[in-house]
Structure formats: structure tokens, C-alpha cells
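Enquirer: Next up is a structure, given as C-alpha cells.
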């Protein structure tokens, strides 16, 4: 089992192995790793206290794959290479499309299934049940 900080560090190191661009931007990588670690801990229903969070070692490579994809997408958004804008209006006969001005904020609006992709099924067995007693 890994504590929060150790898990985040291990995920960052594993991400660098599979995504060489991640090794070049340590600040962005750290930010994405921390956000994905937070999302995974929320998904798994881990305790709110950072010291009490324990992550299974087998989740490191799964989290690294998720971080790699999100890192690449975030980097494209920052560099302006991503044309993922929302359609504001559409005309049929006049053949015109108007796009919104801001790029979709993927991390803020993505559901767990979208964010984790196919990995959501792998993470399900690690989820903890919240028990409420009266």
C-alpha cells in the first residue's frame, strides 16, 4: 500500500516511462498527477484525510495510463493545438456554424467513466463501501 504522496510520485515516474513529453514538463505532470490521484481517491471512496489514504500498488500503472492521456490533452489545450470547442449555433440551409470562444475544460466536466475510460471497470473492485450507522 502507498500513502498519497508516495502514490502520486510513483504515478509520475511511471507516466514518464510511457510518455516522454511528461518528463519535459514536471510542473504540469505534478499537477495532473495530483488531480488524477484526487479523482481516483474520490472514486474509490478513500478517507478525506490525506494521511489516511492508502492506494494499492497495482493501481500505479493504471493511474499512469490515465495521467498520460490527460497530460497529453491538457498540454494540447495549453499550447492551443486542441480545437475542441463547443458549437454555439448551427444553420442548415445557409451552411453556417458558429463556435464558442472557450475550450472545453475536460477535467472539470468529465464524469468518472469518461475520465477513466476503460479503466473504470478495473478500478471498481477497489472501491470502498461507505457504512452509515445510526
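The values are calculated or read from the model by the stated rules, or taken from the named source; none is laboratory data. Quick caveat, the model's predicted, so the values are computed rather than measured. Don't worry about glycine lacking a Cβ; one is built from the backbone with ideal geometry, like all the others, and counts go over all protein chains shown.
Enquirer: With a cut-off of at least 1 residues that are more than 15 Å from residue 68 (Cα to Cα), in contact with a helix residue (DSSP H, G or I) (Cβ under 9 Å, 6 or more places away or on another chain) and touching a residue at least 24 places away in the same chain (Cβ under 8 Å), name the helices (runs of 4 or more DSSP H) lying wholly within segment 1-47. Reasoning before the result, please.
Expert: Working: elements: 4-18, 20-24, 26-43.
Output list reads 4-18, 26-43.
Enquirer: Still on this structure, I have one more. With a cut-off of at least 2 residues that are under 30 Å from residue 44 (Cα atoms), under 13 Å from the mean Cα position of the chain (by Cα) and at pLDDT 75 or above, name the helices (runs of 4 or more DSSP H) lying wholly within segment 57-125.
Expert: Values: elements: 59-79, 106-109, 112-116, 119-123.
Answer list for segment 57-125: 59-79, 112-116, 119-123.
Enquirer: Taking into account only those residues within segment 54-68 that are touching a residue at least 24 places away in the same chain (Cβ under 8 Å) and surrounded by fewer than 18 Cβ atoms within 10 Å (Cβ to Cβ), which is farthest from residue 126 (Cα to Cα)?
Expert: Here is the first cut: in segment 54-68, the ones touching a residue at least 24 places away in the same chain (Cβ under 8 Å) are 54-57, 59-68.
Within this subset, residues satisfying the condition of being surrounded by fewer than 18 Cβ atoms within 10 Å (Cβ to Cβ) are 54, 56-57, 61.
Working: 54: 11, 56: 8, 57: 11, 61: 15 Å.
Checking each candidate, the answer is 61.
Enquirer: Let me ask another. Say whether the condition of being crowded, with 19+ Cβ neighbours inside 10 Å, in contact with a strand residue (DSSP E or B) (Cβ under 8 Å, 6 or more places away or on another chain) and modelled with pLDDT of 95 or more is met by at least one residue in segment 42-53. Break it down stepwise before answering.
Expert: Applying the first criterion (crowded, with 19+ Cβ neighbours inside 10 Å) to segment 42-53 yields 46, 53.
Then keep just the ones that are in contact with a strand residue (DSSP E or B) (Cβ under 8 Å, 6 or more places away or on another chain); that gives 46, 53.
Within this subset, residues satisfying the condition of being modelled with pLDDT of 95 or more are none.
Within segment 42-53 (the criterion being crowded, with 19+ Cβ neighbours inside 10 Å, in contact with a strand residue (DSSP E or B) (Cβ under 8 Å, 6 or more places away or on another chain) and modelled with pLDDT of 95 or more), the answer is no, since none of the residues qualifies.
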